[in-house]
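Everything below concerns the one structure shown next.
The values are calculated or read from the model by the stated rules, or taken from the named source; none is laboratory data. Computed from a predicted structure; not experimentally measured. Neighbour counts run over all protein chains shown; Cβ positions are idealised from the backbone, glycine included.
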Amino acid sequence: MLETALQGRVASQVLDGQRTYDMVVRLDEPYRNDRQAIGEVLIDTPNGGKIPVRQVADISLRHAPNQVWRENAQRRIAVQANVAGRDLRSAVTELRERVEKQIALPPGYFIVYGGQFEYEQEATRLILILSVFATLGVFLMLYGHFRFARVALQIMSNVPLALVGGVIAVYFMTDGVLSVASLIGFITVGGIAARNGIMMISHYIHLVRHEGEGFDEKMIVRGTLERLRPVLMTAFAAILGVLPLVFARGEAGKELLQPIATVVAGGLISSTILDWAVTPALFYKFGKPVCDYYLSGKEEAEHVALNEPSPSPVLNPGD
């Protein structure tokens, strides 16, 4: 009864043309704000009678929440805010520092930073974990193909070259904001950089194995120049494809694609430039045992042994 008097209850509906309106029954506005009038509201008793509220309750005005929210059986008060002009992570970091310095919470109270920031943190942790497994998987596949851990490590060394340009691009183009979309861009450009290393090292081995080149500086220079065109074509095509998105900062609908494009463009520029110095130098330093292995024919012998069918027993009925 008290809820009906103060909050109201739908008693019926009124049809006005094509629209239906609820008919709400409650006390008039002056009585809902009058403590004496509220105290005279009659409520039911267990024996079927009615008594005024003032006989069983003290009515007073005080500040209190109009609704009580609970999460995990604990009371919760949500304070919401939007961030404009800066990234969410730095805003939460500054907010946390100020709260720790300026606000002393009573015993039993604690603060949890949730919402979009919480989702972003969870997505970041998931991407980092998946990146570790992806890197390990790529390394194992490269090792299985080339049969040398040093070759796999040389190819994987191209990934940091891409990260250099990606970090620089994020710093200048997005004011240093590292978002989940940026992490996705790092994974993408890392894969492209590793592909360039595979192309170059595979071509070095091809020159030594099938074209009679010796393992010397001449072979390294030839292999590098012969792979210059396809690598540059891939890099230029990708950079030109994402360039409109790089300069689309602040445009509606481009919030997710712009950080990815920025990282991809910066990473491709740095990996393409630095790859021509790092990969040839590393292979010239550590690649001779790899070429000797392929020239010795051991790789072909192992391939034949793996693919040769095992002999099956033959039963002779006469024995």
Over segment 211-220, the set of residues surrounded by fewer than 16 Cβ atoms within 10 Å (Cβ to Cβ) and over 13 Å from residue 292 (Cα atoms) is 211, 217, 218
Report task. Would you mind stating whether residue 125 is part of a helix (DSSP H, G or I), under 18 Å from the mean Cα position of the chain (by Cα), on the phi < 0 side of the Ramachandran plot and assigned by TED's automatic domain parsing to the domain that holds residue 220? Result -> yes
Going through (1) surrounded by fewer than 20 Cβ atoms within 10 Å (Cβ to Cβ); (2) among the hydrophobic types (A, V, I, L, M, F, W, C); (3) out of contact with any Phe, Trp or Tyr (no Cβ under 9 Å at 6 or more places or on another chain) one by one, residue 173 fails only at (3)
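For every residue, the table says whether it meets (1) within 28 Å of residue 140 (Cα to Cα); (2) crowded, with 19+ Cβ neighbours inside 10 Å.
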position	(1), (2)
191	yes, no
205	yes, yes
227	yes, yes
234	yes, no
246	no, yes
254	no, no
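Which fully enclosed helices (runs of 4 or more DSSP H) of segment 1-75 have 2 or more residues being over 52 Å from the mean Cα position of the chain (by Cα)?
Numbers: elements: 2-6, 29-32, 35-39.
It comes to 29-32, 35-39.
Quick one: which of 150, 89 is under 30 Å from residue 283 (Cβ atoms), basic (Lys, Arg) and assigned to a helix (DSSP H, G or I)? Before you say what the answer is, go through the steps one by one.
Values: 89 fails: under 30 Å from residue 283 (Cβ atoms).
Only one candidate qualifies: 150.
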Test: residue in segment 216-233 that is more than 27 Å from residue 149 (Cβ to Cβ) and among the small types (Gly, Ala, Ser) = no
Those residues of segment 268-292 which are over 20 Å from residue 238 (Cβ atoms) and either among the small types (Gly, Ala, Ser) or not assigned by TED's automatic domain parsing to the domain that holds residue 246 (or both) amount to 277, 281, 287
Scan segment 79-98 and tell me whether some residue there is surrounded by 11 or more Cβ atoms within 10 Å (Cβ to Cβ), at pLDDT 85 or above and either over 30 Å from residue 255 (Cβ atoms) or in contact with a strand residue (DSSP E or B) (Cβ under 9 Å, 6 or more places away or on another chain) (or both).
no
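One line per residue, one yes/no per condition, for (1) of a type in the set (Ser, Thr, Tyr); (2) assigned to a loop (DSSP other than H, G, I, E, B):
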| site | (1), (2) |
| --- | --- |
| 165 | no, no |
| 170 | no, no |
| 182 | yes, no |
| 185 | no, no |
| 188 | yes, no |
| 202 | yes, no |
| 207 | no, no |
| 215 | no, yes |
| 220 | no, no |
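Given the options 111, 155, name the one that is in a loop (DSSP other than H, G, I, E, B) and either surrounded by 11 or more Cβ atoms within 10 Å (Cβ to Cβ) or under 28 Å from the mean Cα position of the chain (by Cα) (or both).
Details: 155 fails: in a loop (DSSP other than H, G, I, E, B).
Answer to the selection: 111.
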Residues of segment 113-127 being at pLDDT below 90 and aliphatic (A, V, I, L, M), in sequence order, are 123, 127
